[in-house]
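Taking it in order: structure first as structure tokens, then the write-up.
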């Protein structure tokens, strides 16, 4: 199979959570361990950092990868989901995985894949680990897909674990309370491996403290002091930088203590060039200055609350919102958070999980949100661009898949 045929195989023959939802989620590490064992356990051939969290794990992963690159390390970065290209998921020093490697990996291991029958995520995780081992990375930053305890990435024993945030999301798989979700994410905490946490609700932090104590893992929590006084320049938006900086600073401190040297100048350079070094997209990203156009992949209650707060800080004449959702998310919990004084352009991304735009629009009306339905993201976005004036603000969000279909990204 050539590269395109391999992608078609991965997308259509294997269960993929991003496309079909819960049915693709396997609460078991057996497949990942079996497939990894067939490849002589590549995850044991490089150092790693493991990052989980309801929100902020993608930005934090990219920030840490950039800082490590600036310190001269060869750095692997595994994240999900991708926005435009499958290759975004697996990077070494910011460079996407080679198409030839993806093709060879699937072709060479097709027999094992057919026998073990892994999900899309399980095979992608092992593919990333094999690539990092082959490329001889010094260290890899590994982002969990969903949860932690039973996430396919959780076969690694990292130098450091990070939990960026905990809030309600994926309750159908992780549990209905913050305590339940915290216990799942705490599953990445390993014996004697230090753990850094971002600002967490007390109910969640309590669970993390219990597991850290059981595992004798040093726990770094946010202090009571004010924001860091570091005067930093970054190609990341100031809003995203502020949100994750304290967690990254403490993570870097612990890496230094554990023999992974990173100087202050390395740190500054890494933070300055996060986007250019790692290719991070879709985090409070400005697409145009006139009219000001911003997109963000945030889609759960905590993320949407933060996004609406950020929008309210901007001076604009009129707000235009291009908005979509997935069918397995409760929009009834999201719609009350959205700004009402706004023109909405409701749309459906081109994935099976996308909520039908007719349902999205009619439910929105019940919550006092007015707008029209568009059957593609591009149609909704292009209409918003035509109708917006220079002093207006356009925001695109509601779903990772909506942002992924933006041609301006």
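A short reminder: the numbers here are calculations on the coordinates, not readings from a lab. Just so we're clear, the structure is a prediction, and the values are computed from it rather than from any experiment. Cβ atoms come from the backbone with ideal geometry, glycine included; neighbour counts cover every protein chain shown.
Please report the antiparallel percentage of DSSP beta bridges with both residues in segment 285-404, rounded to the nearest 5. Mind showing how you got there, number by number?
Details: 5 of 22 bridges.
Approximately 25 percent, going by the DSSP bridge assignments.
Given an 8 Å cut-off on Cα distances and at least 6 residues of separation, report the relative contact order of segment 3-278 as a percent. Display every interim value, and only then the final one.
Numbers: 498 pairs, mean separation 69.5, N = 276.
Reported relative contact order: 25 percent.
For the ranges 52-62, 379-389, 312-322, 75-85, what's the packing order if you count other beta-carbon atoms within 10 Å of each residue, average per peptide, and put the highest first?
Ranked from most to least packed, the peptides come out as 52-62, 75-85, 379-389, 312-322.
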Treat each spin label as a single point 7 Å out from the Cα along the C-beta direction, and report the residue 318 to residue 249 distance in nm. 4.3
Kindly list the residues of segment 69-95 that lie in the label zone of residue 256, defined by a backbone N under 18 Å from the point 7 Å along the Cα-to-C-beta vector. 69-73
All alpha-carbon distances of segment 74-137, grouped into 5 Å bins from 0, give the whole-percent distribution 4, 17, 30, 25, 16, 6, 1
The value for segment 213-361 (convex hull of the alpha-carbon atoms, volume per residue, Å³) is 196
Using a 7 Å offset from the Cα along the Cα-to-Cβ direction at both residue 44 and residue 30, what is the distance between the two label points in nm, to one decimal? 2.2
With everything on Cα atoms, drop me the angle between helix 120-134 and the longest principal axis of the chain, reported from 0 to 90° to the nearest 10. 50
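Expected output is a single nm value to one decimal: the length gained when fully extending between residue 104 and residue 206, i.e. 0.36 nm times separation in residues minus the C-alpha distance. What is it?
Values: separation 102, 0.36 × 102 = 36.72 nm, distance 4.56 nm.
Net length gain for the segment: 32.2 nm.
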Using label points projected 7 Å from each Cα along Cα→Cβ, tell me how many nm separate residue 337 and residue 117, to one decimal. 3.7
Just 308, 355, 127 to compare: in a GNM of the chain, with alpha carbon springs under 10 Å, which one fluctuates most? 308
Of all DSSP beta bridges having both residues in the chain, the percent classed as antiparallel (nearest 5) is 20
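For segment 285-404, what mean projected area does the convex hull of the alpha carbons give, in nm²? Numbers along the way, then the final one.
On the way: hull surface 25.1 nm².
Across all orientations, segment 285-404 yields a mean hull projection of 6.3 nm².
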Distances over 23 Å make up what percent of all Cα-Cα pairs in segment 16-164? 29
Residue of 95, 310, 69 that the Gaussian network model of the chain assigns the largest fluctuation, springs spanning Cα pairs under 10 Å: 310
Checking 197, 125, 249 against a Gaussian network model of the chain (alpha-carbon springs below 10 Å), the top fluctuating residue turns out to be 249
